[in-house]
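Asks: Could you have a look at this structure, given as structure tokens, before my questions?
Nothing in this text is a laboratory measurement; each read-out follows from the coordinates by a stated rule. Since this is a predicted model, take the numbers as computed values, not measurements. Positions of Cβ are backbone-derived with ideal geometry, glycine not excepted, and every protein chain shown enters the neighbour counts.
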Amino acid sequence: MKRWVRCGGFLAAAALFALNGCGGYGGGGGSDYQNPTGPTGGGGGSITSGATITIGANGVVSPASVTIDRGQSVTFVNSHNAAHDVSSNPHPDHTDCPPLNTIGRLVAGQTKATSSAFTTARTCGFHDHDDPDNRNLQGSIVVR
Ligand SMILES: [Cu+2]
């Protein structure tokens with residue numbers, strides 16, 4: 001009598017002998033865990049940017065306050081001729097709104113969106129970590 005252990009054969013046999021080393025069953029998925037450092041390749045750009053904040057040529061953020069919906073990111077544009085390090089309040093711990101810290105250092109001319117979304121309804125203040133007392137480089141994101 002022939003044994004029914006050929007892979008891809010009779011479906012019932014395949015199910016019965018799935019543990020017999022046929023492999024390939026139920027191996028899909030497994031890619032939905034959160035990458036703690038944010039997307040690096042695939043998956044980037046899937047978050048909608050709810051607002052854009054520009055550091056102007058005059059070194060002043062504009063607008064200083066924006067409102068976004070939960071689940072959105074924020075885009076920062078550095079049009080100033082110097083680098084800035086966008087970080088969450090409070091300085092120096094940066095603990096209020098972790099997505100803001102994914103901006104980090106922006107060189108002159110660089111545009112960057114937060115790589116994670118704002119998921120908590122709250123007001124997120126930010127500052128330039130290299131110049132934390134400069135009110136021209138401070139602002140807030142209202143997450144609703
Ligand atoms: Cu800081």
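Asks: What length, rounded to one decimal in nm, is gained on full extension from N134 through to T75, with 0.36 nm per residue of separation minus their alpha-carbon distance? Working shown, then result.
Replies: Numbers: separation 59, 0.36 × 59 = 21.24 nm, distance 2.04 nm.
Extending this stretch completely gives an extra 19.2 nm.
Asks: Provide the gained length on full extension for the span T48 to S65, in nm with one decimal, where the gain is 0.36 nm per separating residue minus the Cα-Cα distance.
Replies: Numbers: separation 17, 0.36 × 17 = 6.12 nm, distance 1.81 nm.
Result for the pair: 4.3 nm of gain on full extension.
Asks: Say each of V142 and T120 gets a label point 7 Å from the Cα, pointing the same way as Cα to Cβ; how far apart are those two points in nm?
Replies: So the label points at V142 and T120 sit 1.9 nm apart.
Asks: How do 97-105, 57-65, 77-85 rank on mean C-beta neighbours within 10 Å, highest first?
Replies: Numbers: 97-105: 19.3, 57-65: 14.7, 77-85: 17.2.
Listed from highest to lowest mean packing, they are 97-105, 77-85, 57-65.
Asks: Let me ask another. Relative to the compact-globule scaling 2.2 N^0.38 Å, provide the ratio for the alpha-carbon radius of gyration of segment 50-144. The partial results should precede the final answer.
Replies: Values: Rg = 11.7 Å, N = 95, 2.2 N^0.38 = 12.4 Å.
Dividing the Cα Rg of segment 50-144 by 2.2 N^0.38 Å gives 0.94.
Asks: Quick check on packing: order 134-141, 46-53 by the mean number of other C-beta atoms within 10 Å, highest mean leading. Don't skip to the end; give the middle numbers.
Replies: Details: 134-141: 17.9, 46-53: 16.2.
Packing proxy ranking, top to bottom: 134-141, 46-53.
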